[in-house]
Amino acid sequence: YVVHADLPGFERPEIDLRFDDGTLTIDAHHEGADDGEAWSRDVHEELRIPGTVDIEGIEASYHNGVLEVRLPTEEPTESSGHRIEID
């Protein structure tokens, strides 16, 4: 899976990216002041990722206000199981 999130105006340290129990969470907080007025901007997104994700293989990059997260999936293990004959 590849996730793109538009986060213009945020700096890398202001973005908290986590993956836990099948959910990708993006939290970002930015504060500033302009002409004596203070302002802030918050973003919170949670995305449920189906399947099994290879946690060690997750990669993220942030360029020109766009966060890109790559979440590789693990190959499902095929269980041949035990075939039961029906009489």
message: For a quick check of your reading of the model, give me the residue pairs whose first member lies in segment 45-62 and is under 17 Å from HIS4 (Cβ atoms), whose second is part of a helix (DSSP H, G or I), with beta-carbon atoms closer than 6 Å and at least 6 apart or on different chains.
response: TYR62/ARG12
message: What are the pairs with Cβ atoms under 7 angstrom where one residue, in segment 18-34, is more than 30 Å from GLY51 (Cα to Cα) and in a strand (DSSP E or B) and the other, located anywhere, is open to solvent by 30 Å² or more (accessible area, probe 1.4 Å) and of a type in the set (Lys, Arg)? Sequence gap at least six, or different chains.
response: HIS30/ARG41
- prompt: Taking segment 5-29 as the search range and keeping residues that are under 9 Å from the mean Cα position of the chain (by Cα) and exposed (fewer than 13 other Cβ atoms within 10 Å of the Cβ), which one is nearest to SER40 (Cα to Cα)?
  reply: ARG18
message: I'm trying to understand the selection: among the residues of segment 45-63, which are open to solvent by less than 100 Å² (accessible area, probe 1.4 Å) and in a strand (DSSP E or B)?
response: GLU45, LEU47, VAL53, ALA60, SER61, TYR62
task: Could you list all residues from segment 1-17 that are touching a residue at least 24 places away in the same chain (Cβ under 8 Å) and either part of a loop (DSSP other than H, G, I, E, B) or basic (Lys, Arg) (or both)?
output: TYR1, LEU7, PRO8, GLY9, PHE10, ARG12
- request: Quickly run through segment 28-87 and pick out the residues that are hydrophobic (A, V, I, L, M, F, W, C) and at pLDDT below 85.
  value: ILE84, ILE86
message: Residue under question is ASP42, and the condition is that it be of a type in the set (D, E, K, R), open to solvent by 70 Å² or more (accessible area, probe 1.4 Å) and farther than 15 Å from GLU14 by Cα; does it hold?
response: no
task: Give the residues of segment 6-49 that are within 29 Å of GLU75 (Cβ to Cβ) and out of contact with any strand residue (DSSP E or B) (no Cβ under 9 Å at 6 or more places or on another chain), sorted by residue number.
output: ASP20, ASP21
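The values are calculated or read from the model by the stated rules, or taken from the named source; none is laboratory data. None of the values given here were measured: they were computed from a predicted structure. As a convention, Cβ positions derive from the backbone with ideal geometry for all residues, glycine included, and neighbour counts pool all protein chains shown. Surface accessibility is based on the protein's heavy atoms, side chains included, excluding ligands, DNA and RNA. Shrake-Rupley method; radii C 1.70, N 1.55, O 1.52, S 1.80 Å.
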